[in-house]
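Just so it is clear, none of the values below were taken in a lab; they were calculated from the coordinates. Just so you know, these numbers come straight off a predicted model, no measurement behind them. All Cβ positions, even for glycine, are placed from backbone atoms using ideal geometry, and neighbour counts span all protein chains on display.
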């Protein structure tokens with residue numbers, strides 16, 4: 001089976017200059033956990049997830065700690081989110097993201113999703129343009 | 001790639017009832033029980049996308065969606081194999097109610113909501129996404145009403161952008177949205193005359209009015225004007241001539257003609273996209289529309305029935 005046969009054919013995406021505030025609205029409305037970032041020709045140039053936004057609101061040394069108990073309350077995160085809400089998504093997006101081609105095998109997509117522990121994987125055509133996404137649920141639905 | 005744009009999509013909620021109880025008339029009966037019901041994504045462009053997808057034609061559906069109903073629209077389209085590319089908005093996508101009373105299916109009761117108000121930021125977000133999609137477009141179908149908040153000039157702007165990108169433009173709309181769209185000289189127009197039988201201030205109630213108005217519109221740059229004359233007949237006007245298309249169908253045999261007009265136009269686009277002659281495209285479109293109207297399902301894409309029905313469609317060049 002090819003990726004094109006199992007992918008969700010949805011092109012919801014945003015440009016690199018879209019603000020974090022707008023991105024949160026789109027993620028929330030569309031009910032998706034992440035979003036491909038595309039250029040003027042719809043070529044995928046990045047990827048941003050809810051996790052990337054949360055990480056941007058946490059102190060830089062957060063990863064080295066085993067607990068969040070040192071953070072007094074959510075106000076700190078809320079203030080930081082307010083500060084970055086007008087920043088462009090390009091500032092926080094992952095630029096070294098992985099994509100698959102619509103002609104790749106489904107197994108290839110499954111391996112990337114499992115190894116990288118990601119929920120969605122952008123699918124591109126031969127020109128690098130977004131044509132859909134493979135979601136974990138697509139794989140499960142396909143297997144069932 | 002064919003792109004359909006439905007600025008004001010909907011969920012069509014269809015109820016089949018044995019008898020509609022009108023409390024105003026019966027005084028005592030308020031409740032009408034539906035024999036069955038159906039819920040599906042709707043709106044002119046959405047219907048066309050579904051029909052095209054069932055014929056195996058890759059297409060992308062665009063427009064504005066919002067809220068719970070918006071998710072139903074998107075999910076339904078994806079299940080039909082249509083690629084979705086909608087801009088999410090703050091409001092709730094509309095629900096349109098259709099009641100088909102047994103024995104009177106050819107005169108459905110239809111209640112259409114106005115749709116959510118769209119902000120200027122949401123329109124701007126759509127325009128950016130639309131511009132990107134035009135890189136892949138060969139045909140762009142602009143269809144249906146404009147939701148509140150969207151400028152009446154929207155179809156002219158979208159049609160101009162599409163033409164500039166080299167795509168053929170089809171507009172299926174009514175009143176001001178269509179009249180302004182004509183300024184961009186689209187390839188095909190099909191006026192929606194359910195409410196007002198007027199195109200760009202030209203009345204199109206009678207056969208001769210349709211032909212006169214069509215010729216003027218074609219002279220101003222539109223390629224093909226297709227107008228429903230009677231329920232089972234259409235008139236097509238181009239610079240090369242005028243065609244009258246007729247299906248030998250009885251409207252009393254219609255089971256559900258919601259969406260049939262959209263199937264007709266999508267059928268024509270499908271055939272022209274394949275490089276077929278206009279006459280064959282008109283014949284196919286009319287047959288597809290009639291088969292859809294004669295089926296209980298909102299959109300019927302039974303290609304065997306359509307092709308068989310094509311033999312019964314008459315086309316006369318006037």
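Obtain the radius of gyration and the Kirkwood radius of the protein assembly as shown from its C-alpha atoms and give Rg over Rh.
Values: Rg = 24.3 Å, Rh = 23.8 Å.
Ratio value, two decimals: 1.02.
Taking each residue of A:16-25 in turn, how many C-beta atoms of other protein chains fall within 10 Å of its C-beta, and what is the average?
Working: counts 0, 1, 2, 0, 0, 0, 2, 0, 0, 5.
If you average over the peptide's residues, the count of other-chain Cβ atoms is 1.
To the nearest whole number, what is the average tally of beta carbon atoms from other chains within 10 Å of the beta carbons of peptide A:29-35? All intermediate terms of the calculation are to be shown ahead of the outcome.
Details: counts 10, 8, 4, 1, 0, 0, 0.
Average neighbour count from other chains, rounded to a whole number: 3.
Cα atoms only: what Rg and Dmax, in Å, come out for chain B?
Considering chain B through its Cα atoms, Rg and Dmax are 18.9, 61 Å.
Of the peptides B:38-45, A:121-128, how do they stack up when ordered by the mean number of other Cβ atoms within 10 Å, highest first?
Put in order of decreasing packing, that is B:38-45, A:121-128.
What number, in nm² with one decimal, is the all-direction average of the projected area of the convex hull of the alpha-carbon atoms of the stretch B:1-142? Present the calculation step by step, with values, prior to reporting the outcome.
Details: hull surface 39.9 nm².
Mean shadow area of the hull around the Cα atoms is 10.0 nm².
Quick check: the distance between the Cα centres of the stretch B:108-140 and the stretch B:208-256, to the nearest angstrom?
Rounded to whole Å, the Cα centres lie 27 Å apart.
Just the number: Rg to Rh for the stretch B:183-277, Cα atoms, Kirkwood Rh, two decimals.
Details: Rg = 13.4 Å, Rh = 14.1 Å.
On the Cα set of the stretch B:183-277, Rg over Rh gives 0.96.
Helix A:75-84 versus the longest principal axis of chain A: what angle, 0 to 90°, nearest 10, using Cα atoms?
Tilt of helix A:75-84: around 60 degrees.
Within 10 Å of each Cβ in B:62-75, how many Cβ atoms from other chains are there, averaged over the peptide?
Working: counts 1, 0, 0, 2, 1, 1, 0, 0, 3, 3, 0, 0, 4, 0.
The per-residue average across the peptide is 1.
Give the angle, between 0 and 90 degrees and rounded to the nearest 10, that separates the Cα long axis of helix A:20-30 from the longest principal axis of the Cα atoms of chain A.
So the helix axis and the longest Cα principal axis differ by about 50 degrees.
Please give the per residue volume of the convex hull enclosing the alpha carbon atoms of the stretch A:2-60, rounded to a whole number of Å³. Can you show the working numbers first?
Working: hull volume 6.5 nm³, N = 59.
Dividing the Cα hull volume of the stretch A:2-60 by its residues yields 110 Å³.
Dividing the alpha-carbon radius of gyration of the stretch A:3-143 by 2.2 N^0.38 Å (N being the number of residues), what value is obtained?
Numbers: Rg = 16.3 Å, N = 141, 2.2 N^0.38 = 14.4 Å.
Relative to the rule-of-thumb radius for its length, the stretch A:3-143 sits at 1.13.
Calculate for chain A the 222 nm mean residue ellipticity that helices alone would give, adding -39,500 (n - 2.57) per DSSP H run of length 4 or more and normalising by residue count, nearest 500 deg cm²/dmol. Let's see the in-between values first.
On the way: 6 runs with 51 residues, N = 144.
Calculated from helices alone, the mean residue ellipticity at 222 nm is -10000 deg cm²/dmol.
Return the percentage of antiparallel bridges among DSSP beta bridges fully within the stretch A:3-143, rounded to the nearest 5 %. Write out the running numbers ahead of the final one.
Working: 14 of 18 bridges.
Here the antiparallel bridges make up roughly 80 percent for the stretch A:3-143.
Ignoring solvent entirely, what values of log10 I(q)/I(0) come out of the Debye formula for the stretch B:116-251 at 0.11, 0.13, 0.18, 0.22 Å⁻¹ when each Cα is a single scatterer?
For the requested q values the scattering log ratios are -0.42, -0.57, -0.98, -1.29.
Can you give the Rg to Rh ratio for the stretch B:62-164, taking only C-alpha atoms and Rh from Kirkwood? Let's see the in-between values first.
On the way: Rg = 15.6 Å, Rh = 15.4 Å.
Rg/Rh for the stretch B:62-164 comes to 1.02.
Under the rule of -39500 (n - 2.57) per DSSP H run of 4 or more residues, summed and divided by the residues of chain B, what mean residue ellipticity at 222 nm is obtained, to the nearest 500 deg cm²/dmol? Numbers along the way, then the final one.
On the way: 10 runs with 111 residues, N = 318.
So the helix-based figure for chain B works out to -10500 deg cm²/dmol.
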